[in-house]
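Asker: One structure, pasted below without further comment.
All of the numbers you see were taken from the coordinates with simple rules; none came from a lab. Computed from a prediction, not measured in an experiment: that's the story for all the values here. FYI the Cβ positions are ideal-geometry reconstructions off the backbone, even for glycines, and counts take in every protein chain you see.
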Amino acid sequence: MNKQKLSVILLSALTLTMLNLSFLKAQNIQDSVFCYNYDTNLMPIGEGNTIFQYTEKIGFWVQIQNPSTFSYRIRWVDPSGQEFRNVPITIIPKSGADWGIAFDSIKIAESTAKNKLGVWKVILSIDGQSEVESQFQIISYTSILENIQNIQAQIEDIVEEKDLLLEQNAALEASLQSLQADYAALQAQVGTASDFEKLQQDYDDLSDDYESLKSSQGSTRMMMYAAIVVALVSVVVAVYFGALKK
């Protein structure tokens, strides 16, 4: 008896699982877009955008064929991977048709989302299973414009620096040309390297002669001084002996 009850329970669970799978297959995701809102015909307004300013409203619109009574939820995940919003969704049926829509939105400027710039994810789940996942981006045009202005200012600085470098380069080229002209004139004046070596040798010889001459002059002066001293001594001796004789 217990085995029969267990078999019945397992069969019932399997049947329910198969029914759930059948319902999931019966309903079909037709389309999903980002938009601002939807009109009276349940069609998206302003669809196609995936980049929004931090002052705008972002809506996620999903068209579902043959919607069921399953649990629908839409989750918003910020650029850091943190769940920003997770809400149950009631399917809005299209009158006279076999489809409906799931829709949810966030107002960026009126929430902390305005400070979470970057790529977001939005996910539609049915009975806990992710069925649709899309991405969008929140940007700040003000920051972008400021960055562009900063880049333009940097480009202007680079252009000014380039012009200054060109001026300095022109001045250096003029200095180089002047030095080359002076060098050419100097070469014309001093002649070749062999001429310079000969001139240097002549200078060295002349210097040696000069030093030798100074030495000779010194010796001659000493001889003259010695002769004068001898003469003076002779005079003194003569005077001395003359005085004795008297």
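Asker: For a quick check: with amide H placed at 1.01 Å from N, whose amide H comes under 5 Å from Arg85's, ignoring anything fewer than 5 positions away on the same chain?
Answerer: Long-range HN contacts for Arg85: Trp76.
Asker: Express in nm, to one decimal, how much length is gained between Asn49 and Gln177 on full extension, taking 0.36 nm for each residue of separation and deducting their alpha carbon distance.
Answerer: Using 0.36 nm per residue and subtracting the Cα-Cα distance, I get 39.8 nm.
Asker: What do you get for GluC sites (Glu not before Pro) in the stretch 67-132 restricted to DSSP loop and a cutoff of at most 14 other Cβ within 10 Å of the site's Cβ?
Answerer: Sparse-neighbourhood loop GluC sites (Glu not before Pro): Glu110.
Asker: In addition: Using modelled backbone amide H atoms (1.01 Å from N, in-plane), which distant-in-sequence or interchain residues come within less than 5 Å of Val132's amide H?
Answerer: Hits under the 5 Å cutoff: Leu124.
Asker: Give the residues of the stretch 121-138 whose amide nitrogen is closer than 12 Å to a point set 7 Å from the Cα of Arg85 in the direction of its Cβ.
Answerer: 122-123
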